[in-house]
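J.: Before I ask anything, here is the structure I am working with.
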Amino acid sequence: MKDLIILAAHLDDFELGCVGYIIRHHNEYDNIRLYVATNNDYKEPITIENVEQLSKYIGKNIDYSNLNYGSTKLKSQFDDLKDDFYKLIDFNSSFDLLTHDEEDLHTDHTSCSDIARGLFKYCESYITLHSPSCLKFSPNYFIPLSEDDFKVKAELIQKYDIQKDHSYSKIGYYLSDEYLNIGKAYVMENYVRLYLQKHKYFDIYNLKKWSSS
């Protein structure tokens, strides 16, 4: 067995990008450790509640820690964040890493992606998640969600209020049910039978490095 380490830039990135993978693979891990780089006084109580709700749903505890950096400031604090995160890694143990994709346009996401890639040769599997700010995400792993799975994901995300976020636009399209199931569009384009015969909801990921052991 091994651990799953998640590095997310913002508190709601966990719900937007990690739920499907955790639901599908939680039994493969001794520990699931969620590290969020930035904090937000409004969001954090929601995130803590969501982590507890998802932990109860899957029957396994998810350990949450916040590194307490400021949102939109990770690029200027890159080295400090990198040092803080690497100090949390047990290099003598086996782990998989789930984080942002290198094609993401958000500077906070890019910073986390760059930091995580420094651990590429040390992890057993390296997986990237889709986010609303991805430029050209290329999923190669499609995880179907049951009706109950999707309902839980939607409940978690819709607790947030975009008007209280740090978003400059305050346009919360990615909080809608349609966007939460954006993985379906990729499946329809690439796996017609999977979509038509079996499932309605999907989360999508890119497996950069994969070990089934």
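J.: I'd like to check which helices (runs of 4 or more DSSP H) are fully inside the range 119-213 and have at least 1 residues that are among the aromatic types (Phe, Trp, Tyr), in contact with an Asp or Glu (Cβ under 9 Å, 6 or more places away or on another chain) and at pLDDT 90 or above. Show your work before the answer.
T.: Working: elements: 147-157, 177-180, 183-190, 192-197.
Per the criteria, 147-157.
J.: Restricting attention to the range 51-81, which residues are under 16 Å from residue 25 (Cα atoms) and aromatic (Phe, Trp, Tyr)?
T.: Once the filter is applied, which keeps residues that are under 16 Å from residue 25 (Cα atoms) and aromatic (Phe, Trp, Tyr), the range 51-81 yields only 57.
J.: List the residue pairs whose Cβ atoms are under 7 Å apart, where the first residue sits in the range 47-62 and is exposed (fewer than 15 other Cβ atoms within 10 Å of the Cβ), the second is in a helix (DSSP H, G or I) and of a type in the set (S, T, N, Q), and the two are 6 or more positions apart or on different chains.
T.: From residues that are exposed (fewer than 15 other Cβ atoms within 10 Å of the Cβ), the pairs are 61/55.
J.: A follow-up question, please. Based on what the data block shows, is residue 74 surrounded by 13 or more Cβ atoms within 10 Å (Cβ to Cβ) and not β-branched (Val, Ile, Thr)? Talk me through it step by step, then tell me what you get.
T.: Values: surrounded by 13 or more Cβ atoms within 10 Å (Cβ to Cβ): yes; not β-branched (Val, Ile, Thr): yes.
Judged against the criteria, residue 74 is a match.
J.: Follow-up question, since we're still on this one. Yes or no: residue 107 of a type in the set (Val, Ile, Thr) and touching a Phe, Trp or Tyr at 6+ places or on another chain (Cβ under 8 Å)? Working first, answer last.
T.: On the way: of a type in the set (Val, Ile, Thr): yes; touching a Phe, Trp or Tyr at 6+ places or on another chain (Cβ under 8 Å): no.
Taking the combined requirement at face value, the residue does not satisfy it.
J.: Among the numbered conditions (1) within 17 Å of residue 20 (Cα to Cα); (2) surrounded by 15 or more Cβ atoms within 10 Å (Cβ to Cβ), tell me where residue 37 comes up short.
T.: Of the numbered conditions (1) within 17 Å of residue 20 (Cα to Cα); (2) surrounded by 15 or more Cβ atoms within 10 Å (Cβ to Cβ), the odd one out for residue 37 is (1).
J.: Further, regarding this structure: Is the range 94-109 home to any residue that is surrounded by fewer than 20 Cβ atoms within 10 Å (Cβ to Cβ), free of Cβ contacts under 8 Å to residues at least 24 places away in the same chain, out of contact with any Cys (no Cβ under 8 Å at 6 or more places or on another chain) and not in a strand (DSSP E or B)?
T.: The answer is no, given that none of the residues of the range 94-109 is surrounded by fewer than 20 Cβ atoms within 10 Å (Cβ to Cβ), free of Cβ contacts under 8 Å to residues at least 24 places away in the same chain, out of contact with any Cys (no Cβ under 8 Å at 6 or more places or on another chain) and not in a strand (DSSP E or B).
J.: Then there's this: Name every residue in the range 138-149 that is buried (at least 18 other Cβ atoms within 10 Å of the Cβ) and within 19 Å of residue 116 (Cα to Cα), in order of residue number.
T.: If we filter the range 138-149 for residues that are buried (at least 18 other Cβ atoms within 10 Å of the Cβ), which is where we start, we get 139, 142-145, 149.
Once the filter is applied, which keeps residues that are buried (at least 18 other Cβ atoms within 10 Å of the Cβ) and within 19 Å of residue 116 (Cα to Cα), the range 138-149 yields only 139.
J.: Right, something else. Would you pick out the residues in the range 91-109 that are more than 15 Å from residue 18 (Cα to Cα) and out of contact with any strand residue (DSSP E or B) (no Cβ under 6 Å at 6 or more places or on another chain)?
T.: Filtering the range 91-109 for residues more than 15 Å from residue 18 (Cα to Cα) gives 91-95, 102-108.
Once the filter is applied, which keeps residues that are more than 15 Å from residue 18 (Cα to Cα) and out of contact with any strand residue (DSSP E or B) (no Cβ under 6 Å at 6 or more places or on another chain), the range 91-109 yields 91, 92, 93, 102, 105, 106, 107, 108.
J.: Out of all the residues in the range 95-126, which are in contact with a Lys or Arg (Cβ under 7 Å, 6 or more places away or on another chain) and within 12 Å of residue 10 (Cα to Cα)?
T.: 107, 111
J.: Please work out which one of (1) surrounded by fewer than 16 Cβ atoms within 10 Å (Cβ to Cβ); (2) under 18 Å from residue 99 (Cβ atoms); (3) under 16 Å from the mean Cα position of the chain (by Cα) is the condition residue 28 fails and give its number.
T.: (3)
The values are calculated or read from the model by the stated rules, or taken from the named source; none is laboratory data. Not measured: the values here are computed from a predicted model. Don't worry about glycine lacking a Cβ; one is built from the backbone with ideal geometry, like all the others, and counts go over all protein chains shown.
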